[in-house]
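As structure tokens, the structure follows; a few thoughts come after it.
The values are calculated or read from the model by the stated rules, or taken from the named source; none is laboratory data. On a predicted model such as this, the values are computed, not experimentally measured, just so you know. Neighbour counts are summed over all protein chains in view; Cβ atoms, including those assigned to glycine, are modelled from backbone coordinates with ideal geometry. With ligands, DNA and RNA removed, areas are computed over all heavy atoms of the protein, side chains included. Shrake-Rupley method; radii C 1.70, N 1.55, O 1.52, S 1.80 Å.
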Amino acid sequence: RRGNTTVNLYLTADVVGTQTGGGSVTRHESEALSELDTTQVISRNVLSLSNDPFEQDDAFYDEISKRAIQDNYYGLLKLAHCYSGCLSNAVEGLLCMGVKVAYTAAAHDLEVSQREHLAIGLPYNFPHLTDPELWRRYVGGYLFADVLVCPSNHSAEVMRKFGAKQRIEVIPHGVDIPSTDPKPLPDTFRVGYLGAYGGDKGVRYLLEAWKKLNYPDAELWLGGKDSQHPFVLYMCNKYGGGRIYLKGWIENLEDFYSNISLYVQPSCTEGFGLEVLESMAHARPVLCSRGAGAVDVVLPHWDFEACNSDALAEQIDGLKKESWCLGCVGLSARREVEKYTWPKIRERYKALWREMLGTRN
């Protein structure tokens, strides 16, 4: 490393992995940064981190301080990109060293999130998000950064609400399009949801809509690692009705998407929602709430008001009655999603970083 003129840092309290969600985003961000120059990645994979966000921040700051001496960062380090967690001390330290810092902020509305958690009986035990003093420390790293990268207009709006005054660049997340041809829609009209089940994910409203529709000949598939949790079963019994199948952890995403007719992203507030792009990549139509950042990428008129089960039920029912057109819409979605392949998204990151560094190559 000492022979290089520059080196980059990629920092994340998340894992760097290959699966959907944060692990996919961190992999592509860190690999894109490595394509610019030698990049050191400091992540949950590297450090032994507690679940306390401020202890995580201290661990990153200590690691950077150690490497600053070991690898002569004062002469080499020019750019750092951060993703997830609390990195306020780490960011402030980097800025003091003259390093340019970009920070991915997939922010969601905290007031809506807390409201929806409490509405379904989930505790909102996140003191760093609710205690004013802890919140200022938590959000500081984002507000200190030279540039914020938000995956959606929703996240950008939330960050401005949090006090962000610096440049915000909206770069959506990306997707890998399957190499195989999409499979035809199933004979059974089947609605799918894949993801987490916190209050702000809006699954309650999907269940309420499904109960109102009460189809005898259609199915709702709920997938994800928590989909068979007792609390999800409780939600199904309290809010849902009709034919509901809890699919558990999905090993093969293609199997899930290929067996649904329609994907629904019912989020009350969410920075993005990668499953929207994944569904489109598998040629499945998507209904997306206007509370999810991924509403930016769906086809026109395939959105609905967040936290409104009546609006969602009306949309689903209209599509079931016109289900003959879903296959064509799915193919249109697959063509649309070609704008958001990871290679294209990575180029947008690299263009931003080059601009921050004042370089063109």
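For the range 201-242, the tally of residues that are among the aliphatic types (A, V, I, L, M), touching a helix residue (DSSP H, G or I) at 6+ places or on another chain (Cβ under 9 Å) and either open to solvent by 30 Å² or more (accessible area, probe 1.4 Å) or more than 24 Å from Arg115 (Cβ to Cβ) (or both) stands at 3.
Residues in the range 57-98 that are under 25 Å from the mean Cα position of the chain (by Cα), part of a helix (DSSP H, G or I) and among the aliphatic types (A, V, I, L, M) were compared, and the one that is nearest to Asp14 (Cα to Cα) is Ala59. A Cβ distance below 6 Å, combined with a sequence gap of six or more or placement on separate chains, defines the contacts here; from the range 247-266, residues that are open to solvent by less than 10 Å² (accessible area, probe 1.4 Å) reach residues that are among the β-branched types (Val, Ile, Thr) in the pairs Phe256/Ile250; Leu262/Val191; Tyr263/Val286; Val264/Val191; Gln265/Val276. If you check Val264, Val276, which single one turns out to be assigned to a helix (DSSP H, G or I), of a type in the set (Val, Ile, Thr) and at pLDDT 95 or above? Residue meeting the stated conditions: Val276.
In the range 136-157 there is at least one residue matching the filter, namely being of a type in the set (A, V, I, L, M), more than 28 Å from Thr18 (Cα to Cα) and buried (at least 17 other Cβ atoms within 10 Å of the Cβ).
What number of residues in the range 99-123 are free of Cβ contacts under 8 Å to residues at least 24 places away in the same chain and either outside any helix (DSSP H, G or I) or under 30 Å from Arg354 (Cβ atoms) (or both)? Selection size over the range 99-123: 2. Against the numbered list (1) farther than 30 Å from Phe231 by Cα; (2) open to solvent by 10 Å² or more (accessible area, probe 1.4 Å); (3) in contact with a helix residue (DSSP H, G or I) (Cβ under 7 Å, 6 or more places away or on another chain), Arg160 comes up short only at (3).
Results for (1) of a type outside the set (Ser, Thr, Tyr); (2) buried (at least 20 other Cβ atoms within 10 Å of the Cβ); (3) modelled with pLDDT of 95 or more, shown as yes or no for each residue.
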site: Asn72; (1), (2), (3): yes, no, no
site: Leu77; (1), (2), (3): yes, yes, no
site: Ala80; (1), (2), (3): yes, yes, yes
site: Thr104; (1), (2), (3): no, yes, yes
site: Leu110; (1), (2), (3): yes, no, yes
site: Phe126; (1), (2), (3): yes, no, no
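Taken over the range 267-298, the residue count meeting the criterion of being in contact with a Leu (Cβ under 6 Å, 6 or more places away or on another chain) and free of Cβ contacts under 8 Å to residues at least 60 places away in the same chain is 1. Looking across the range 9-44, the residues that are farther than 23 Å from Tyr340 by Cβ and either part of a loop (DSSP other than H, G, I, E, B) or in contact with a Gly (Cβ under 8 Å, 6 or more places away or on another chain) (or both) come down to Ala13, Asp37, Thr38, Ser43, Arg44.
Of the set (1) in contact with a strand residue (DSSP E or B) (Cβ under 9 Å, 6 or more places away or on another chain); (2) within 29 Å of Asn252 (Cα to Cα); (3) open to solvent by 10 Å² or more (accessible area, probe 1.4 Å), all apply to Val15 but (1). Do we find that Val46 is open to solvent by 10 Å² or more (accessible area, probe 1.4 Å), in contact with a strand residue (DSSP E or B) (Cβ under 7 Å, 6 or more places away or on another chain), at pLDDT below 95 and of a type in the set (A, V, I, L, M) in this structure? Answer is no for this residue. In the condition set (1) among the aliphatic types (A, V, I, L, M); (2) outside any loop (DSSP other than H, G, I, E, B); (3) under 23 Å from Trp342 (Cβ atoms), Val139 is compliant with all but (3). Leu287 meets all of the listed conditions (1) within 26 Å of Thr18 (Cβ to Cβ); (2) open to solvent by less than 10 Å² (accessible area, probe 1.4 Å); (3) not in a helix (DSSP H, G or I) but one, namely (1). Consider the range 187-200 and keep the residues that are part of a loop (DSSP other than H, G, I, E, B) and touching a helix residue (DSSP H, G or I) at 6+ places or on another chain (Cβ under 8 Å). The one that is surrounded by the fewest Cβ atoms within 10 Å (Cβ to Cβ) is Gly198. Checking the range 301-317 against the condition returns a match, with at least one residue being on the phi > 0 side of the Ramachandran plot and surrounded by fewer than 18 Cβ atoms within 10 Å (Cβ to Cβ). Is it true that Ser309 is more than 17 Å from Leu207 (Cα to Cα) and hydroxyl-bearing (Ser, Thr, Tyr)? So Ser309 fails the test.
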